[in-house]
Amino acid sequence: MLRRAAALALLTALALPVAAKEAPRRVVSMNLCTDQIAMQLAAPGQLHSVSWIARDPRSSAMAEEALAYPANHGRAEEIWLMKPDLVLSGTFTARASVEMLKRLGTRVVEVPPAYSLDDIPDRIRTIGAALGREAEARAMIARFEARLTALRAEVGHRPSAAIYYANGYTTGDRTLAGEILITAGFDNIAGDTMGGHLPLELLAMADPDAIITGTPYPGASRSEEVLAHPVVEALRARAASRAVTDSDWICGTPYVLKAIDDLAAFRKGLE
């Protein structure tokens, strides 16, 4: 009897670290994309701070919601002084700060960017697990996948489109932006690529039915001068042109569904 009781006590002791693991109570996010998923998943009072860029409506789809949280600038010193028990970071975010926080003993969960629509549920799942909000993450994923399935309906005619950004940069089908374009019912002239620089000559020869550009930033930028080039202006005069809301496209969050919906409405307007 005594031996059985000792064995039971040992098993209980071994199980304690797993059972006693609690959800973090003070979370700091230092990446725009983890900011937005965390704001949607975190329990009340659990998320303490988000990155400063989460407040910028040009980049963040949740700029207004971000105002409810103190902003951080990704510096190790300021984040450590916030005394978080969990830091959410991107895999390319402020590497020096991330490594310093790890050396100081702070738990850091690094979340890679979403490179496709299929990556988004995994990113939600990762952050939900880190926050101890698995049920909420599963519910968000279910809503996302159901809506995405509805948006992926067959399209009879697919107009051609070019995504054209500053410095003449474009993105192909093997990117999140490219998949948004395809799902909305367009054919991307960049094709099955990651993208890259698209010379004006090739853009003119492709003669797309639509040109999708980003919203210009305030002030003057030499990188954006190409968007006002006479060749681009001539193409815009013949084709439909649309300046997209970049904040819905930048991160792999459920807000990409709004980007798809808006582009699909634009396509239907062309028809």
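Observations, loosely collected:
- Sum of -39500 (n - 2.57) over DSSP H runs of 4+, divided by residues of the chain (222 nm, nearest 500): -13000 deg cm²/dmol
- Scanning residues 5 or more positions from Gly185 or on other chains, none has an amide H under 5 Å from its amide H, with H placed 1.01 Å from N in the peptide plane.
- For the chain, with +1 on Lys and Arg beta carbons and -1 on Asp and Glu, the positive-most of Ala259, Ala161, Ser29 along the dipole: Ser29
- Paramagnetic reach from Glu224 (point 7 Å along Cα→Cβ, amide N under 20 Å) across the stretch 48-74: 53-63
- Gain upon complete extension [Leu270, Asp56; 0.36 nm per residue less C-alpha separation]: 73.9 nm
- Peptide packing for 31-42, 173-184 was compared via the average number of neighbouring C-beta atoms within 10 Å per residue; ordered from the highest value, the list is 31-42, 173-184.
- For the chain: lysine pairs under 28 Å (alpha-carbon distance), excluding those fewer than 8 apart on one chain: 4
- Here's the picture: charge each Lys and Arg Cβ at +1 and each Asp and Glu Cβ at -1 in the stretch 27-149, and of Leu41, Leu86, Pro57 the one pushed furthest to the positive end of that dipole is Leu86.
- The packing ranking of peptides 147-157, 198-208, 253-263, highest mean first, is 253-263, 198-208, 147-157, where packing means the average number of other beta carbon atoms within 10 angstrom of each residue.
- Gain in span if fully extended, Glu77 to Ala153, counting 0.36 nm per residue against the direct Cα distance: 22.5 nm
- Cβ-Cβ FRET estimate between Leu200 and Thr91, R0 fixed at 22 Å, reported to 0.05: 0.05
- Taking only alpha carbon atoms, the stretch 60-208 gives an Rg to Rh ratio of 1.06, where Rh is the Kirkwood radius.
- Largest-first principal axis extents of the Cα set of the stretch 137-228 (Å): 44, 32, 19
- Based on C-alpha pairs under 8 angstrom that are at least 6 apart in sequence, the stretch 186-271 has a relative contact order of 30 percent.
- Karplus-derived 3J(HN,Hα), 6.51/-1.76/1.60, for each residue of the stretch 203-212, Hz, glycine and proline x: 4, 5, 5, 5, 6, x, 6, 8, 10, 10
- Sorted by Cβ density within 10 Å, fewest first, the residues Glu78, Glu22: Glu22, Glu78
- Prolate/oblate/rounded call for the stretch 87-142, Cα gyration tensor, a/c under 1.5 rounded: oblate
FYI, it's all coordinate maths here, none of it is from the lab. Not measured: the values here are computed from a predicted model. A quick note on method: Cβ atoms are made from the backbone with ideal geometry, for glycine too, and the neighbour counts reach across all protein chains shown.
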